[in-house]
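Here's the structure, in structure tokens; my notes come after.
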Amino acid sequence: MLYFARWKAAAILVTALIACAAAALNAVPLDKVKKWPAWAQFYIVLGLDLQGGAHILLEVDTADVRKQRLETLRFERAYFGHGPSILTGADQRVRAFLTRRQLMSARATGQP
């Protein structure tokens, strides 16, 4: 069993109580805290996440997603040879660039 000396257990308990008391002061409105004596006006400023003021909204542009997916499907279909080629001029340039890039990387690594 874990054993702490009595003075260590007391120190831990006092520290925890002080931390809880400091945190509890945040529940009191600031205008009331300012009426207290100067030594008791200990106030911790909370971040937005603890205040409940953080709000994130994520939005997806579905038209752009469809466009990118269509371009990917066109490229894969043409590159892997499934069905007739439906490449546009830009797709053909991308395919030619990737083919040259793969050849250069194969030559650099010594692969045939």
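Per-residue answers, yes or no, for (1) modelled with pLDDT of 65 or more; (2) closer than 30 Å to C20 by Cβ; (3) out of contact with any helix residue (DSSP H, G or I) (no Cβ under 9 Å at 6 or more places or on another chain); (4) surrounded by 10 or more Cβ atoms within 10 Å (Cβ to Cβ):
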site	(1), (2), (3), (4)
G47	yes, yes, yes, no
A63	yes, no, yes, no
K67	yes, no, yes, yes
R77	yes, no, yes, yes
F80	yes, no, yes, no
L87	no, no, no, yes
A106	no, no, yes, yes
G110	no, no, yes, no
Every residue in segment 21-45 that is assigned to a loop (DSSP other than H, G, I, E, B) and either of a type outside the set (A, V, I, L, M, F, W, C) or at pLDDT 80 or above (or both), please. V28, P29, K34, K35, W36, P37, Q41, Y43
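The values are calculated or read from the model by the stated rules, or taken from the named source; none is laboratory data. It should be emphasised that the depicted structure is a prediction, and the values quoted were computed from it without experimental measurement. Neighbour counts run over all protein chains shown; Cβ positions are idealised from the backbone, glycine included.
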